[in-house]
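Only one structure is covered here, and it is reproduced in the block below.
Where a number appears in this text, it was derived from the coordinates with a stated rule and is not lab data. Keep in mind the model is a prediction, meaning the values are calculated, not measured. When we count neighbours, we look across all protein chains shown, and the Cβ atoms used for this are built from the backbone with ideal geometry, even at glycine.
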Amino acid sequence: MNTIKNLVLIILFLMLPAAAMAADLEPERTRWSVEAKYGLFYPDIDNWSTNYGSDRTWDIAGAVGYKLLRQIEVGVEAGMMRDTGRGYAPTMGVLSGNVEYSLWPLNAYVLFRAVFSERQWLVPYAGGGWTRMYYQEKITGQSTIKGSADGYHGRAGIQLRLDDLDVSASNGLFMDFGIRHTYLIFEVERTHVMADAVPTVRNPSTTINIGGTTYFSGFLFEF
């Protein structure tokens, strides 16, 4: 009996270094994420294509998030959209000549990611939150119109893990910057923000929705 007990103790003792090594190889849970993305913004403002020559414009954005849980993240996102055209100023509703129209959305969000393994290659996600939209209209020969308004947004997408495509590059990103995972993301974001507008015959309402829909692609880095 003592021989069996001693043999078990010897086996357990020999297994301790292997268990410690396995624990070291186990990936730590990521805490932070950083996004950089570019997309096409489709405004909800009527007759946008008539005044700006297209029904869309470019949109760039970046976000920083903190993971309360592996699947739940809170964060902030900032972006910028801009277009130039000739015609009606969006919030003035009057013929204005040359117009440069700019938007700067600032979002606070909660995001839910359906991730259950650090090696999961496809991760769907969805979320939304509060939006503060800053806007500006530079009109040739007239004063610049500036303002801001509050609203909300929602977004959903998928992320594709790129770690295994180039293992040496992934290891380099981890050693140099602490990046544990790199993803390619595809996302749709919908923003609804009602801003004050000058009432006119063309635009009798005193508010208009200066939000819209953006189709993004970009990269997500987890630390």
Checked the stretch 31-222 against the a/c 1.5 cut and the a/b vs b/c comparison, axes a ≥ b ≥ c from its Cα gyration tensor; verdict prolate
Taking a crude spin-label model, label points 7 Å out from Cα along the C-beta direction, the THR207 to ASP44 distance in nm is 1.0
Tell me, what HN-Hα J-couplings in whole Hz come from the Karplus equation 6.51 cos²θ - 1.76 cosθ + 1.60 at θ = phi - 60° for each residue of the stretch 170-181, using x for Gly and Pro?
-> 4, 5, x, 5, 5, 5, 8, 10, x, 7, 8, 9
In what order do TYR101, TYR134, TYR125 fall by count of nearby beta-carbon atoms within 10 Å, going from fewest to most?
-> TYR134, TYR125, TYR101
What size of dipole, in debye to the nearest 20, comes out for the stretch 31-222 about its Cα centre when the only charges are +1 on Lys and Arg C-beta atoms and -1 on Asp and Glu C-beta atoms?
-> 200
